[in-house]
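To keep things clear, I will list the structure first and then write my remarks on it.
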Amino acid sequence: MTGVVAQALQQAVSCAGHAYIGGQWVQVCGTERLAVINPANGTLVTEIVAGNSADLDRAVSAARVAFPAFAASPVADRLALLERIHALILERAEPLAQALTLEMGAAITHARSAHVPFAAAHVQAAIDVLRDYDFLTMRGTTAIVREPIGVAGLITPWNWPLYQITAKVAPALAAGCTVVLKPSELSPVSALMFAQIVHDARAPAGVFNLVNGTGSEVGAGMAAHRDIDMISITGSNRAGVLVAQGAAPTVKRVTQELGGKSPNVLLPDADFVRVVPLGVMAAFRNVGQSCSAPTRMIVPRARLAETEELARKTVADIVVGNPADDATTLGPISNSAQFQRVQAMIAVGMEEGARLVCGGPGSPEGLDDGLYARPTVFSDVSSAMRIAQEEIFGPVLVIIPYDTVDEAVAIANDTVFGLGGHVQGTDLDLARSVALRIRTGQVHINHPAWDAHAPFGGYKRSGNGREYGVFGFEEFLEVKAILGFA
Ligand code: NAD
């Protein structure tokens with residue numbers, strides 16, 4: 001690590017006892033200390049001091065005071081602010097990547113090539129949307145005006161920490177909202193660095209505020225807060241439901257990006273040699289800790305053996321190891337609760353009688369010190385099994401056979417979730433027709449490139465509302481009709 005990177009990390013860690021409120025770092029009133037553990041080796045990265053309701057009140061009141069002026073600020077000013085934030089993320093890309101590796105075990109090459117640039121891409125997408133957006137449109141003599149909803153409370157998870165933060169903060173600021181962010185208590189270091197970036201980008205005081213703390217105290221406090229107008233949460237279904245319940249008495253808008261169990265339908269004419277390895281790696285990306293990971297590979301029964309062989313070969317080339325090492329494909333699971341969950345679900349799969357193609361319980365040889373799981377593929381899985389129904393959030397792929405395309409679609413939709421979906425096939429008309437029948441917020445045909453403007457969010461229990469691009473931006477707006485305007 002170079003001196004500059006170490007210094008940036010040190011600066012972030014030195015803010016760990018603070019909240020960022022009203023344009024400055026302030027000592028928190030809370031006293032509970034929460035350890036941030038490096039999952040690669042169990043060492044202490046830092047301790048944050050959890051905020052309490054008094055800290056939250058201070059942050060909300062700063063955001064409330066800043067709201068009228070920021071809501072009325074010229075679009076050009078908000079564009080300039082977002083452009084400065086974007087430039088600073090790129091300038092500090094290496095310290096941010098190092099922070100992600102330390103706090104949640106992202107392989108450093110993955111942090112550099114995905115976590116940080118995609119986080120910057122969300123800011124760029126908000127800039128693109130804001131530049132062309134019409135806040136006032138006419139319908140006959142009626143004006144339709146879009147206005148920022150107010151103070152937005154943003155609650156983010158630990159699996160893509162920085163990416164989830166910019167996916168919310170950038171459109172909220174673009175819309176003219178002021179925000180209070182509560183990042184995951186398990187991955188607060190990149191969030192502290194992001195707060196410093198917003199500060200250095202000269203955001204007006206109170207426009208952006210950060211309070212660290214637990215979900216049960218700060219998160220629940222935000223949901224119930226009478227001076228927060230909207231909550232956007234990304235996290236587990238459990239937390240999403242609790243937030244909606246907590247928010248109900250104040251009738252605030254709630255958008256939720258929650259869990260998933262996304263299908264990947266391989267049609268009989270798919271190019272298996274290409275799409276099986278891509279499908280395995282998409283499922284295991286970020287150690288399988290992605291809400292939209294395609295963790296159910298649905299394949300023609302006649303191609304099961306071939307799929308298993310291709311999957312086994314793909315997994316054999318994965319390098320599990322120290323995330324700080326450039327050669328590593330997959331680092332550890334991000335925290336011990338998640339590691340236990342993954343191990344328990346691998347045991348469930350074995351008890352349910354699914355056939356292990358590779359991987360299994362425990363850690364890869366020689367990697368007993370950190371929270372390393374073995375990339376695991378189960379085959380001959382039936383859709384009713386728990387490993388086919390429950391989100392595992394780790395490197396565990398299930399292969400489910402089908403006999404007809406209708407059956408493949410039925411299996412794809414046989415879930416309470418509806419976040420991501422994939423279809424692979426050479427006949428594009430057939431692939432498109434299957435994509436149209438899958439009930440999820442996104443479907444990818446033949447592994448296309450990521451699109452920062454494509455709306456992202458869930459059907460069914462995967463959530464409400466959309467993020468990214470113009471759809472994500474509009475979540476932060478109210479609609480006002482002024483009749484007789486013309
Ligand atoms: P989590 O629900 O435990 O925590 C997410 C955030 O919610 C954290 O900041 C946490 O402190 C907060 N929180 C927890 N309880 C709360 C409560 N009662 N009130 C308010 N806030 C509360 O989830 P996690 O373990 O950090 O993240 C993993 C989960 O997130 C997975 O289920 C995954 O599928 C989901 N996820 C979804 C998306 C998406 O876009 N759909 C993206 C990433 C992760």
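Before moving on, here are some points about what is shown:
- Calculated accessible area for the stretch 120-165 comes out at 34 Å² per residue, all protein chains present (probe 1.4 Å; ligands, DNA, RNA ignored).
- Computed with a 1.4 Å probe over protein heavy atoms only, the accessible surface of the stretch 263-450 comes to 39 Å² per residue.
- The stretch 258-298 residues near the modelled ILE445 label - backbone nitrogen below 18 Å, point 7 Å along Cα→Cβ: 263-272, 275
- Label reach from ALA87 (point 7 Å along Cα→C-beta): in the stretch 204-242, amide nitrogens under 17 Å belong to 204.
- Net +/- balance of residues flanking GLY23 in space, Cβ distance below 13 Å, scoring K and R +1, D and E -1: +1
- 1.4 Å probe accessible area per residue over the stretch 1-53, in Å²: 49 Å²
- Label-to-label distance, nm, for residues given as ARG238 and PHE118 (7 Å Cα→Cβ offset): 2.4 nm
- Angle between the chain longest axis and helix 237-247 axis [Cα atoms, degrees, rounded to 10]: 30 degrees
- Per-residue SASA remark: VAL254, around 30 Å² accessible (1.4 Å probe; ligands, DNA and RNA not included).
- Taking the protein heavy atoms of the stretch 107-211 in the context of the full set of protein chains, the accessible area attributed to carbon and sulfur is 51 percent at 1.4 Å.
- Residues with amide H under 5 Å from that of CYS358, placed H, sequence gap 5 or more: VAL377
- Part-to-part distance (alpha-carbon centres) for the stretch 6-24 and the stretch 163-212, which is given in Å: 13 Å
- Across the stretch 172-179, rounded Karplus estimates of 3J(HN,Hα) from the backbone phi angles (6.51 cos²θ - 1.76 cosθ + 1.60, θ = phi - 60°) give 4, 5, 4, 6, x, 7, 9, 9 Hz, Gly and Pro being marked x.
- Charge-dipole axis of the chain as Lys and Arg at +1 and Asp and Glu at -1 on Cβ define it, positive-most pick from GLY213, ALA59, VAL4: ALA59
- Length added when fully stretched, ASP368-ASN41, from 0.36 nm per residue minus Cα-Cα: 116.8 nm
- Residues ALA337 and ASP57, FRET efficiency given R0 of 35 Å [Cβ-Cβ distance, rounded to 0.05]: 0.75
- Evaluating 6.51 cos²θ - 1.76 cosθ + 1.60 at θ = phi - 60° for every residue in the stretch 425-440, the Karplus couplings come out as x, 7, 6, 5, 4, 5, 4, 5, 5, 5, 4, 5, 8, 7, 8, 9 Hz, glycine and proline recorded as x.
- Förster-model FRET efficiency, 41 Å R0, THR137 and ASP406, C-beta, rounded to 0.05: 0.45
- Residue-averaged [θ]222 nm for the chain, counting only DSSP H segments that reach four residues, each worth -39500 (n - 2.57): -12000 deg cm²/dmol
- Sorting HIS447, HIS122, HIS453 by solvent-accessible area of protein heavy atoms yields HIS453, HIS447, HIS122, largest first, with a 1.4 Å probe.
- Annotation: for a label point projected 7 angstrom from Cα along Cα→Cβ of LYS480, residues of the stretch 169-194 with backbone N closer than 20 Å are 172-179.
- Carbon/sulfur fraction of accessible area - the stretch 357-486, other protein chains in place, 1.4 Å, %: 53 percent
- In this structure, the pairs whose alpha-carbon distance is over 32 Å, taken from LYS261/LYS480; LYS182/LYS313; LYS168/LYS460; LYS313/LYS460, are LYS261/LYS480; LYS182/LYS313; LYS313/LYS460.
- What the pair-distance distribution of the stretch 277-358 shows, using all Cα-Cα distances binned every 10 Å from zero, is 15, 44, 35, 6, 0 percent.
- Helix 53-71 and the longest principal axis of the C-alpha atoms of the chain enclose an angle of approximately 70°.
- The stretch 291-370 versus the stretch 38-80: alpha-carbon centroid distance in Å: 36 Å
- Shape call, the chain: gyration tensor on alpha carbons, a/c limit 1.5: oblate
- About its Cα centre, the chain has a charge dipole of approximately 900 debye under the convention of +1 per Lys or Arg Cβ and -1 per Asp or Glu Cβ, with nothing else charged.
- The phi-based Karplus calculation (6.51 cos²θ - 1.76 cosθ + 1.60; θ = phi - 60°) puts the 3J(HN,Hα) values of the stretch 105-116 at x, 4, 4, 4, 5, 6, 4, 6, 8, 10, 3, 7 Hz, whole numbers, x for Gly and Pro.
- Charge dipole (debye, nearest 20) of the stretch 263-450; +1 at Cβ of Lys and Arg, -1 at Cβ of Asp and Glu: 300 debye
- Angle in degrees between helix 272-284 and the longest Cα principal axis of the chain, rounded to the nearest 10: 50 degrees
- Amide H contacts for VAL45 (H built 1.01 Å from N in the peptide plane; partners 5 or more residues away or on another chain; cut-off under 5 Å): VAL36, ILE37, ASN38.
- Sulfur and carbon atoms: percent of accessible area, the stretch 298-338 [1.4 Å]: 52 percent
- Checking every one of the trypsin sites (Lys or Arg not before Pro) in the stretch 312-360 against DSSP loop status and a limit of 16 other Cβ atoms within 10 Å picks out no site at all.
- Dipole of the chain, positive direction: furthest Cα of SER334, GLN24, MET138, with charges on the beta-carbon: MET138
- Computed Rg/Rh of the stretch 214-284, alpha carbon atoms with Kirkwood Rh: 1.29
The values are calculated or read from the model by the stated rules, or taken from the named source; none is laboratory data. Quick caveat, the model's predicted, so the values are computed rather than measured. So basically every Cβ, Gly included, is an ideal-geometry build from the backbone, and we count neighbours across all protein chains shown. Side chains are part of the model used for accessible areas, which takes the heavy atoms of the whole protein and leaves out ligands, DNA and RNA. Shrake-Rupley method; radii C 1.70, N 1.55, O 1.52, S 1.80 Å.
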